[in-house]
Amino acid sequence: GENVEQHPSTLSVQEGDSAVIKCTYSDSASNYFPWYKQELGKRPQLIIDIRSNVGEKKDQRIAVTLNKTAKHFSLHITETQPEDSAVYFCAASKGGGSYIPTFGRGTSLIVHP
Amino acid sequence: NAGVTQTPKFQVLKTGQSMTLQCAQDMNHEYMSWYRQDPGMGLRLIHYSVGAGITDQGEVPNGYNVSRSTTEDFPLRLLSAAPSQTSVYFCASSTTGNTIYFGEGSWLTVV
């Protein structure tokens, strides 16, 4: 089955800096790569996603890049703010009748004011 | 606009007791799943369903049962609770190739 590795497990940055979280996946058939943000005590919520026919996607301060050849994708957060502090999960899945994603282990992002 | 509803939010069980975590969604999603979240382990899939009457095992199914008699409901049963099942449980639903919606979570402690 699919295996998703996520790094780093913890990331500490100063407010205003950029943050990058990287994930690799093993199954070349995976074609959907969402990112979830989980604030303390809350449920994970989708913040951005990318499909395999796209190399990059942006939404304000957040961007995701995908390298299908190398089987890795990354989350980029620019101009970080304290409210960006949370655990971020990447995931990978295939379409069709087996749309159950495999999640990475998560990255705890801490943004210091 | 309920989305995915989980109950109970908090539960303390004694070792050996059984219980059911309830999950319901009102979005007519075909896919439903249960995850457990433990520190440093991310979200691990317990069981999932691709439609009413169809269930399958995920990564960590031992000690848990599920059923999917309707599109809306996907309960998770703990057969004989063990301290290793102390965790936060999330129910989720989705449609093919689209966003997963999570419930608010159920905090379970087994003593």
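The values are calculated or read from the model by the stated rules, or taken from the named source; none is laboratory data. Keep in mind the model is a prediction, meaning the values are calculated, not measured. Reconstructed Cβ throughout: ideal geometry from the backbone, glycine too, with neighbour counts over all protein chains shown. Surface accessibility is based on the protein's heavy atoms, side chains included, excluding ligands, DNA and RNA. Shrake-Rupley method; radii C 1.70, N 1.55, O 1.52, S 1.80 Å.
With a requirement of 1 or more residues that are more than 14 Å from chain B (Cβ to nearest Cβ) and surrounded by fewer than 18 Cβ atoms within 10 Å (Cβ to Cβ), the strands (runs of 3 or more DSSP E) lying completely within chain A that satisfy it span A:10-14, A:19-25, A:56-59, A:62-67, A:72-77, A:107-112. Looking only at residues in region B:75-98 that are open to solvent by 30 Å² or more (accessible area, probe 1.4 Å) and closer than 30 Å to A:Ile48 by Cβ, the one that is modelled with the lowest pLDDT is B:Thr96. Considering region B:40-65, the residues that are touching a residue at least 12 places away in the same chain (Cβ under 8 Å) and of a type in the set (A, V, I, L, M) include one that is farthest from the other protein chains (Cβ to nearest Cβ), namely B:Ala52. What tally of residues in region A:1-19 results from selecting those that are hydrophobic (A, V, I, L, M, F, W, C) and within 12 Å of A:Cys90 (Cα to Cα)? The qualifying residues number 1. If I ask for residues that are over 17 Å from B:Gln6 (Cβ atoms) and among the basic types (Lys, Arg), which ones from region B:58-94 would you list? None - no residue of region B:58-94 is over 17 Å from B:Gln6 (Cβ atoms) and among the basic types (Lys, Arg), so the list stays empty. Mind checking whether some residue in region B:66-73 is farther than 28 Å from B:Asn28 by Cβ, surrounded by fewer than 18 Cβ atoms within 10 Å (Cβ to Cβ) and free of Cβ contacts under 8 Å to residues at least 40 places away in the same chain? No.
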